[in-house]
1. I'd like to know if the range 26-45 contains one or more residues that are touching an Asp or Glu at 6+ places or on another chain (Cβ under 9 Å) and assigned to a helix (DSSP H, G or I).
2. Would you point out which residue out of K136, K150 is in contact with a strand residue (DSSP E or B) (Cβ under 6 Å, 6 or more places away or on another chain), charged (D, E, K, R) and over 30 Å from V19 (Cα atoms)?
3. If you check every pair at least six apart or on different chains, which have Cβ atoms under 9 Å apart with a residue in the range 167-188 that is in contact (Cβ under 8 Å) with a residue 24 or more places away in the chain first and a residue that is open to solvent by 90 Å² or more (accessible area, probe 1.4 Å) and among the basic types (K, R) second?
4. Search the range 24-48 for residues being touching a strand residue (DSSP E or B) at 6+ places or on another chain (Cβ under 8 Å) and of a type outside the set (G, A, S), and hand back the single one that is surrounded by the most Cβ atoms within 10 Å (Cβ to Cβ).
5. So T131 clears everything in (1) in contact with a strand residue (DSSP E or B) (Cβ under 7 Å, 6 or more places away or on another chain); (2) at pLDDT 85 or above except one condition, right? Which one?
6. Among the residues of the range 169-201, count how many are among the hydrophobic types (A, V, I, L, M, F, W, C) and under 19 Å from W30 (Cα atoms).
7. Which one of these does I4 not meet: (1) surrounded by 13 or more Cβ atoms within 10 Å (Cβ to Cβ); (2) farther than 24 Å from L125 by Cβ?
Amino acid sequence: MVIIALVIHRIRTLLIWLVVADLVATLLFWGVTRLSDETGKLSGGRGIIFYTDNAADASARIDKGVALLKAEKLDRLLVVGGHRPQEGRLGSQEMALLAARRSGRAEKVSADVESRDTISGLENLANTTSTAESGKIVFISNCMHILRAKAVYASHPGNQAKAYGACPRGGFNPLDIWRRAHYEAGAWTLFLMPESWRDAIIDRLRGDDEDA
């Protein structure tokens, strides 16, 4: 009985330390990624708004992009991601329509209707001549996401436009921060996988055009 009690005590202690380490890592990651916000440095370029299925987050990203467009800190807005073949939805187009309405400048708002996620959205972006000609781009998303988006974008060879980041004013709900940090951990893992594995997982999660 003594041995069993000792083992249980050690397991509980280990779990407590794992939880503490997880919370500390989450806090550090959140704090460091706040540095991704470079709103004060912006002076032109194309704003890239990333799709999200979280309505509040999507609205905040749109408002951030629209505010920068109206302040003439951005030349245009492009929404990427959100193509869901299995649902017959074009998330980027939905967000672009909202951005056009809120800004009153529909001619300066567009959407990439083919990208399903950050990786495919940035692959398309890297191959867009008009983006390269602008000289710089601005990623508009959650700060934790922007860090990954810059890494994905930098992984593409060639002379690309300089990338900046602009984060909407987010909340400080600890649970939301924890969830986003762990979502990012999974997304980083997916990004680092071999391309064939990554595509298979995304096909399963978000659908494949061939099956639509």
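The values are calculated or read from the model by the stated rules, or taken from the named source; none is laboratory data. As the structure is a computational prediction, the values presented were derived from the model and not from experiment. Note that each Cβ is placed from the backbone with ideal geometry, even for glycine, and that neighbours are counted across all protein chains shown. Keep in mind that these areas ignore ligands, DNA and RNA; they rest on the heavy atoms of the full protein, side chains included. Shrake-Rupley method; radii C 1.70, N 1.55, O 1.52, S 1.80 Å.
1. Yes: one or more hits.
2. Values: K150 fails: over 30 Å from V19 (Cα atoms).
Just a single option satisfies the conditions, and that option is K136.
3. C167/R34
4. Going residue by residue through the range 24-48, those that are touching a strand residue (DSSP E or B) at 6+ places or on another chain (Cβ under 8 Å) are 36-39, 41-42, 44-48.
Add one more test, that the residue is of a type outside the set (G, A, S), and what stays is 37-39, 41-42, 46, 48.
On the way: D37: 18, E38: 15, T39: 18, K41: 11, L42: 18, R46: 22, I48: 29.
Ranking the candidates gives I48 first.
5. The number of the failed condition is (2).
6. Of the range 169-201, the ones among the hydrophobic types (A, V, I, L, M, F, W, C) are 172, 175, 177-178, 181, 185, 187-188, 190-193, 197, 200-201.
Keeping just the survivors that are under 19 Å from W30 (Cα atoms) gives 172, 175, 177-178, 181, 185, 187-188.
Total satisfying the criteria: 8.
7. Going through (1) surrounded by 13 or more Cβ atoms within 10 Å (Cβ to Cβ); (2) farther than 24 Å from L125 by Cβ one by one, I4 breaks only (1).
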